[in-house]
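The values are calculated or read from the model by the stated rules, or taken from the named source; none is laboratory data. None of these values were measured; they are calculated from a predicted model. Cβ coordinates were reconstructed from backbone atoms using ideal geometry, including for glycine residues, and neighbour counts include every protein chain displayed. These area figures cover heavy atoms from the full protein model, side chains too; ligands, DNA and RNA do not enter into them. Shrake-Rupley method; radii C 1.70, N 1.55, O 1.52, S 1.80 Å.
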Amino acid sequence: MSEPFSAAEARIAVTLPGGRTLNFPRPVSGSDIAAALGKSEAAVAISIDGKARDLSHLVEGDVEARLITRDEPEGLAILRHDAAHVMAEAVKELYPDTQVAFGPATETGFYYDFARAEPFTPEDLAKIEARMHEIVRRNEKITREVRDRGAAIAFFRGIGEEMKAEHIAEIPESEEVSLYRQGRFVDLCAGPHAPSTGALGEAFKLMSVAGAYWRGDPRNAQLQRIYGTLWAKKEELGQYLFRLAEAEKRDHRRLGRELELFHLQEEAAGSVFWHPKGWRLYRVIEGYMRGRLEKAGYFEVSGPQLLDRSLWVASGHWEKFREHMFTAESRDERVLALKPMNCPGHVLIFKSRLRSYRELPLRLAEFGACHRNEPSGALHGLLRVRAFTQDDAHIFCTEEQVASESIAFCELLLSVYRDFGFADVAIRFADRPTVRAGSDEVWDRAESALQEAIEATGLPYTKNPGEGAFYGPKLEFVLRDALAREWQCGTLQLDFVLPERLDANYVGADGARHRPVMLHRAILGSLERFIGVLIEHHAGHFPLWLAPVQVMVASISEESARYAGEVARACGDAGLRAELDTGSEKIGYKIREHSLLKVPVILVVGRREAETKRVMLRRLGSNVQEALALDEAVARLKAEAAIPQDA
RNA sequence: GCCCCGAUAGCUCAGCGGUAGAGCAACCGCUUCGUAAGCGGUAGGCCGUCUGUUCGAAUCAGACUCGGGGCACCA
């Protein structure tokens, strides 16, 4: 490309990604640079020496610059942020008595929080969206102004935007206070923004209204949050809406009903009614886990559901976890709590007799049924319930054993996830929360021990500050499903506090009493939640070893019904979960019916198969049939349906 | 728990002041059929619960329960 300017006055060098350098007269704006590169249309902002700026930003000296365009994630985020402003402008035009609070971009769009006495209705959303399109068509210039903070506060007070004024007071002195103006709307904002509202395009849509607390604090006023989605192109918006519709189709609550797995009803809000097929699935998973744990050196135990208040006081739960606990009273008026966690029970088993260091690490596992009194608004299908069963275990060990136990646990966990079809697992390190038990010294020790342990596994992880359990720091294992959604399931928590509080100890090689360390760990987390995730991940189409009904034998007409029975029996004898359909419907109807119920294998048998002792094997999702000898089909399916026992 | 929205047959939904409708499913017949919906018929609802307004409420109002989307909380 030829150089756009040739004058000999003061010039600056702009270095682009890849090392190419352009010379411009000083000063040069981001727009000039974009124009020089022929990218005026696509550019929404510019990165100058690593900092995102408006295109109107003037460059005064030699810099490194990179255009931010609408087709890359960073540019899209800026457009989404622009959309939040445009929405706020539309709302202020339509409902001038509204105060604006906070409006960022999100992963799929944007939102803005508003304070207004009247609730926004769905009809209001339609009006706001229409007005947004109008503002985009007006193509208002978006300009940035830096203000002295006193003046800025006075300005927002003057226009009745108290929350904005309050927000300015919190901006660190080191940062400048900038205002963005478009049409008659002025917002406090760090930027950057696209040069004009026309940049938004048309690929956006307002989605919903929700309540949200001012600064996320429930003690503050509740605002109305309007969510929207925005994409670079209309097709991408369409794809996003299509993905939402697809996600709804695999919603575990819908599939739970359609596949007859479970149901929920108000008489037991937050607890699951497992139906025969769902319970079958549950038990297969439980049995699989039991096998894995036994091989990994765990001992399964089972503790009481109701334990006396005094234990919970001693463990610290009564103080830190009281509001989540269900309580009951005995005849003699003792207060008992339905266990929300299994750990105190396991400590009591550990303490039931004198323990030797030779027994460590002692791994006590339990499919522990727990109850937590979750706030009603938190309940959500199987994913958030009040009664659930954890694949829980507590490892009592010495501090020296923490690293090796952690490594072994991580290996076990990843192998289990692989068996269930989850390959993508993220690890987060969650450190001390505000509400916690134990001294800072103990937390220092626990955090560094857990940190060493995770480093020792060699697995990548990120930090999740302040999210630890009240008794110790934890690793959270987050799996990503087929729709790239994240679910926290597994956990590994290091606890110096509970053994201390419940006075657990063992006799060491030196003959003295020592305090064991406790590792709390779960792989699936709660079986309920994990099954919910599993249903959505597989869209109800489970791998053969998990499918509640593995094989459906369907006869073509009455003359093959008898042989169909034989086939079903042969499958059952081989340990397959097989069912028989000899009804009078046509075969097409049967196939449709069992396909909708997501049975992975349908064996079709008619006169030809009966005569030759064969079956016609048909897999869910395919319309290819394979003719096989009965024996061979059964042997193959049996092998395929085997429960994975070790990777 | 908080904000908004919702609750009508097993499911999906229509009806929105004059006392309940469709499709699918269910059940009963007929059909015996070769790979994702054969045909006909029957039955099925205290319109989430309670209170109020009204001559009259599925329909309007209020409260409650549960559900949904969020917030906060969290496995």
Which residue pairs have Cβ atoms under 6 Å apart, sit 6 or more places apart or on different chains, and have a first residue in segment A:537-554 that is touching a residue at least 40 places away in the same chain (Cβ under 8 Å) and a second that is among the aromatic types (Phe, Trp, Tyr) and open to solvent by 10 Å² or more (accessible area, probe 1.4 Å)? none
Identify all residues within segment A:280-304 that are of a type outside the set (D, E, K, R), over 26 Å from the mean Cα position of the chain (by Cα) and under 21 Å from A:HIS371 (Cβ atoms); write none if there are none. A:VAL301, A:SER302, A:GLY303, A:PRO304
In segment A:549-564, residues that are of a type in the set (Gly, Ala, Ser) and closer than 14 Å to A:VAL634 by Cα total 1
Anything in segment A:363-392 that is more than 14 Å from RNA strand B (Cβ to nearest atom) and either open to solvent by less than 20 Å² (accessible area, probe 1.4 Å) or touching a Leu at 6+ places or on another chain (Cβ under 7 Å) (or both)? List them, or say none. A:LEU364, A:ALA365, A:GLU366
Report whether or not A:LEU360 is more than 16 Å from RNA strand B (Cβ to nearest atom), modelled with pLDDT of 90 or more and touching a Leu at 6+ places or on another chain (Cβ under 9 Å). no
Can you confirm whether A:GLY316 is in contact (Cβ under 8 Å) with a residue 40 or more places away in the chain, surrounded by 15 or more Cβ atoms within 10 Å (Cβ to Cβ), among the small types (Gly, Ala, Ser) and over 25 Å from A:PHE530 (Cα atoms)? yes
Answer with yes or no whether A:SER174 is small (Gly, Ala, Ser) and in contact with a strand residue (DSSP E or B) (Cβ under 6 Å, 6 or more places away or on another chain). no
Taking the criterion of being closer than 23 Å to A:LEU281 by Cα and of a type in the set (Gly, Ala, Ser), would at least one residue in segment A:607-620 satisfy it? no
Hey, can you tell me all the residues within segment A:424-447 that are more than 14 Å from RNA strand B (Cβ to nearest atom), assigned to a loop (DSSP other than H, G, I, E, B) and either modelled with pLDDT of 90 or more or open to solvent by less than 60 Å² (accessible area, probe 1.4 Å) (or both)? A:GLY438, A:SER439
Consider segment A:256-279. How many of its residues are farther than 28 Å from A:PHE326 by Cα and within 26 Å of the chain's Cα centre (by Cα)? 4
If we keep just the residues of segment A:469-483 that are open to solvent by less than 60 Å² (accessible area, probe 1.4 Å) and out of contact with any helix residue (DSSP H, G or I) (no Cβ under 8 Å at 6 or more places or on another chain), which is farthest from RNA strand B (Cβ to nearest atom)? A:VAL478
Residues that are farther than 27 Å from A:GLY316 by Cα and either in contact with a Cys (Cβ under 7 Å, 6 or more places away or on another chain) or touching a residue at least 24 places away in the same chain (Cβ under 8 Å) (or both), drawn from segment A:423-453: A:ASP424, A:VAL425, A:ALA426, A:ILE427
Strands (runs of 3 or more DSSP E) enclosed by segment A:46-113 - at least 2 residues per element that are within 16 Å of RNA strand B (Cβ to nearest atom) and crowded, with 18+ Cβ neighbours inside 10 Å: A:99-102
Identify, from the list A:ALA190, A:ALA221, A:ALA212, A:ALA232, the residue that is more than 11 Å from A:ALA83 (Cβ to Cβ), open to solvent by less than 20 Å² (accessible area, probe 1.4 Å) and either among the small types (Gly, Ala, Ser) or more than 16 Å from RNA strand B (Cβ to nearest atom) (or both). A:ALA212
Of the residues in segment A:497-521, those that are hydrophobic (A, V, I, L, M, F, W, C), buried (at least 23 other Cβ atoms within 10 Å of the Cβ) and either within 30 Å of A:PHE422 (Cα to Cα) or away from RNA strand B (no atom under 16 Å from the Cβ) (or both) come to A:VAL517, A:MET518, A:LEU519
Number of the exception - A:LEU16 against (1) open to solvent by less than 50 Å² (accessible area, probe 1.4 Å); (2) touching a residue at least 40 places away in the same chain (Cβ under 8 Å); (3) within 17 Å of A:PRO195 (Cα to Cα); (4) not basic (Lys, Arg): (3)
Within segment A:565-647, considering only strands (runs of 3 or more DSSP E) that don't extend past its boundaries, which have at least 1 residues that are open to solvent by 30 Å² or more (accessible area, probe 1.4 Å)? A:578-581, A:614-619, A:625-629
Out of curiosity, is A:GLU405 open to solvent by 30 Å² or more (accessible area, probe 1.4 Å) and more than 16 Å from RNA strand B (Cβ to nearest atom)? no
Within segment A:259-272, the residues that are charged (D, E, K, R) and either at pLDDT 95 or above or assigned to a helix (DSSP H, G or I) (or both) are A:GLU266, A:GLU267
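Residues checked against (1) open to solvent by less than 30 Å² (accessible area, probe 1.4 Å); (2) among the acidic types (Asp, Glu):
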{"position": "A:ASP251", "(1), (2)": "yes, yes"}
{"position": "A:HIS263", "(1), (2)": "no, no"}
{"position": "A:GLU266", "(1), (2)": "no, yes"}
{"position": "A:SER271", "(1), (2)": "no, no"}
{"position": "A:VAL284", "(1), (2)": "yes, no"}
Helices (runs of 4 or more DSSP H) fully within segment A:273-389 counting 2 or more residues that are farther than 24 Å from A:GLY421 by Cβ: A:309-315, A:317-320, A:343-351
